[in-house]
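The values are calculated or read from the model by the stated rules, or taken from the named source; none is laboratory data. What you see is a predicted model, and the numbers here were worked out from it, not measured in a lab. Heads up, the Cβs are rebuilt from the backbone with ideal geometry, glycines too, and the neighbour counts pull from every protein chain shown. We work out accessible area using only protein heavy atoms, side chains counted, and drop any ligands, DNA or RNA first. Shrake-Rupley method; radii C 1.70, N 1.55, O 1.52, S 1.80 Å.
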Amino acid sequence: MPSRKFADGEVVRGRWPGSSLYYEVEILSHDSTSQLYTVKYKDGTELELKENDIKPLTSFRQRKSGSTSSSPSRRRGNRSRSRSRSPGRRPPKDARRSASASHQADIKEARREVEVKLTPLVLEKFNLLQESSYISTQYSLRPRREEIRLKEMDSKEEKFVTKELAVRTFEVTPIRAKDLEFGGVPGVLLIMFGLPVFLFLLLLMCKQKDPSLLNFPPPLPALYELWETRVFGVCLLWFLIQALFYLLPIGKVVEGTPLIDGRRLKYRLNGFYAFILTSAIIGTCLFQGVEFHYVYRHFLQFTLAATVFCVVLSVYLYMRSLKVPRKDLSPASSGNAVYDFFIGRELNPRIGTFDLKYFCELRPGLIGWVVINLVMLLAEMKIQSRAVPSLAMILVNSFQLLYVVDALWNEEAVLTTMDIIHDGFGFMLAFGDLVWVPFIYSFQAFYLVSHPNEVSWPMASLMIVLKLCGYVIFRGANSQKNAFRKNPSDPKLAHLKTIHTSTGKNLLVSGWWGFVRHPNYLGDLIMALAWSLPCGFNHILPYFYVVYFTMLLVHREARDEYQCKKKYGVAWEKYCQRVPYRIFPYIY
Ligand code: NDP
């Protein structure tokens, strides 16, 4: 029986197939017939290697460099890159080109060799890993100005690889049962049935004279009282008017982030125009004496009508998703009908150029929220016989108006959010966008109609300061990331430091994103608090939004961290080491 050089459990360096890169691996087993070792890389990938491709750790220890790679080509690459820190010592262009060319040669050769040896599943993983191990370990913290120059040269060549990777990972692999989010099927069932019920209970609680939690449950209306066909017609009309505005050929057309097959969808940015046109219509209606109090009086009926509309829409979305090719499915879809109905099966459902998800994200619900707030302001004046709205109502209306106008003004930013790039369009987003946002986010204004709260000017000033602090963090962080994603070579961002990742996109490790992970969530939360404070401290109900939003963002942050770890692997871990602070550090 031929002898083996390495024992099971031994930690050694294994050559990445087809390349000259060596990584730390653990020996799992040895097959005496094929003479192959099964090894496990740090990220969990298992491969079979020949003995020649394995070296003891000691053979790498004499190196002084902090680099994790021991490959000769990496060492070369590192030297030339570190030299380039000083402009005077920057290597000639060809040197950089040849490092890059050798990188490409490595990649191509590795791909050829591995394609022969590995199963498609392993190959897919290899595609991601091989890139990530090469690039992401080049952890650069030097000013981006220099970095950009180097990367511009590499990027052309890397584009080829990235595109190939995209094509290769074309098939959307359904996620396994254990990866289902939101508590899997029981969780999403609970959310789908529980949230609408909860929403109604909350509104009914708020309608009570004393909305204290001790008065739970509130008196329930008969079901038939909640339905009014005319109200449903108004909702439908609202949706159609917004759809019409969306179709207007005004506003810039931009491309979204690349899809899994390399395509980029086009999106028209005219949400802000839609808002202006809507304001003009509402203004005209007010001038003509249209009775907006109707909306306040039928608020529960409007909520039910919007919920029914959203359920019908979700059924339509699910049915149409059954006919689309697999490449058009969302990465979040699982193959389980109930779960997919909730999370959305199709990533970008479109009727012609009409993108249903993108449209619903910012138009009917978000603009609807502002209109509902206005309705509440008018209702407050009418019910409390005021000549002018209360300061509390003005604060709530202005704070939230700023939020909506900001979102519409920066409409393009929505194209890089999880909603657009990861989640499908199903019940979750339909209900969130079309019911939850307009009817729950307007809750503070709804509360103030029947529960007035006097706010002094000094208190109002503090609330304004708080709101502005939150806004600066929120806007600064979102704009910085969006500008970076849009144009990583933007000279205005040249001072920022970054980490390379395997996907071709880099991660910011300075600026807002170097201060804390998800700084945008922090700003959003501060603003949420500022929206609730004008309602005073008599009841907990107006603070529901802050509590709910904290829970949403905790969960969202966990989801995003998980997705980013999957997307960026080692590079994400390095980002986490570099920026260890998170806004919810001890919650999960
Ligand atoms: P983010 O805008 O925070 O986007 C997360 C993505 O940003 C990640 O998946 C990653 O995507 C990228 N990213 C993360 N870290 C970095 C980094 N260091 N450098 C560069 N890119 C990074 O996610 P959301 O979609 O959750 O939120 C968008 C905004 O919407 C937030 O301000 C949030 O508060 C707000 N929001 C508001 C809600 C509300 O109801 N009011 C609900 C949900 C969100 P990639 O690398 O692929 O680009």
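Worth a mention:
- The alpha carbons of the range 278-391 stretch over 59, 27, 23 Å along the principal axes, in descending order.
- A probe of 1.4 angstrom, applied to the heavy atoms of all protein chains, finds Ser450 with accessible area near 50 square angstrom.
- Here each label is just a point 7 Å from Cα along the line to Cβ, and for Val465 and Ile250 those points are 4.0 nm apart.
- Binning all Cα-Cα separations of the range 520-588 at 10 Å, short to long from zero, yields these whole-percent fractions: 18, 40, 25, 12, 4.
- Global form of the range 249-315, assessed from the alpha-carbon gyration tensor, a/c cut-off 1.5: oblate
- Peptide ranges 512-525, 550-563 listed from the most packed, as the mean C-beta count within 10 angstrom indicates: 512-525, 550-563
- 3J(HN,Hα) along the range 24-37, derived from phi through the Karplus expression 6.51 cos²θ - 1.76 cosθ + 1.60 where θ = phi - 60°, amounts to 5, 9, 10, 6, 9, 7, 9, 9, 5, 6, 7, 6, 9, 9 Hz, with x in place of Gly and Pro.
- For the range 273-329 versus the range 462-513, the inter-centroid distance based on Cα atoms is 33 Å.
- In the range 214-298, Cα pairs under 8 Å separated by at least six residues give a relative contact order of 21 percent.
- Once you reduce the range 522-537 and the range 351-384 to the center of their Cα atoms, the two points are 20 Å from each other.
- Rounded D (µm²/s) - the range 435-588, Kirkwood Rh over Cα pairs, Stokes-Einstein at 4 °C, 1.567 mPa s: 74 µm²/s
- Considering only Cα atoms, the convex hull volume of the range 185-291 works out to 219 Å³ per residue.
- Spacing of the modelled spin labels on Gln563 and Tyr548, each 7 Å from Cα toward Cβ, amounts to 2.2 nm.
- Protein heavy-atom surface of the range 312-409, 1.4 angstrom probe: 70% of the accessible area is carbon and sulfur, with nucleic acids and ligands not counted.
- A simple charge model with +1 on the Cβ of Lys and Arg, -1 on the Cβ of Asp and Glu and nothing else charged puts the dipole of the range 433-558 at about 600 debye relative to its Cα centre.
- Approximating the spin labels as points 7 Å out from Cα along Cα→Cβ, the Ala222-to-Glu51 distance works out to 8.8 nm.
- 5 angstrom amide H check on Leu36, placed H, neighbours 5+ away: Asp31
- Burial order of peptide ranges 434-442, 226-234 (average beta-carbon count within 10 Å, highest first): 434-442, 226-234
- Listed residues Phe287, Gly344, Val253: farthest to the positive end of the dipole of the range 244-363 (Cβ charges): Val253
- In the range 303-366, Rg over Rh equals 0.97, where Rg is the alpha-carbon radius of gyration and Rh the Kirkwood radius from pairwise Cα distances.
- Summarising the amide proton neighbourhood of Val455: residues at separation of 5 or more, or on other chains, whose placed amide H is nearer than 5 Å comprise Leu391, Ala392.
- Accessible area per residue for the range 363-497 is 35 Å², calculated with a 1.4 Å probe on protein heavy atoms, without ligands, DNA or RNA.
- For the range 323-334, 3J(HN,Hα) per residue [Karplus equation, 6.51 cos²θ - 1.76 cosθ + 1.60, θ = phi - 60°, Hz, x = Gly/Pro]: 9, 8, x, 4, 5, 8, 7, 6, x, 7, 6, 10
- Exceedance of the 23 Å cut-off in Cα-Cα distance is limited, within the set Lys42/Lys565; Lys50/Lys567; Lys55/Lys567; Lys40/Lys566; Lys50/Lys566, to Lys50/Lys567; Lys55/Lys567; Lys50/Lys566.
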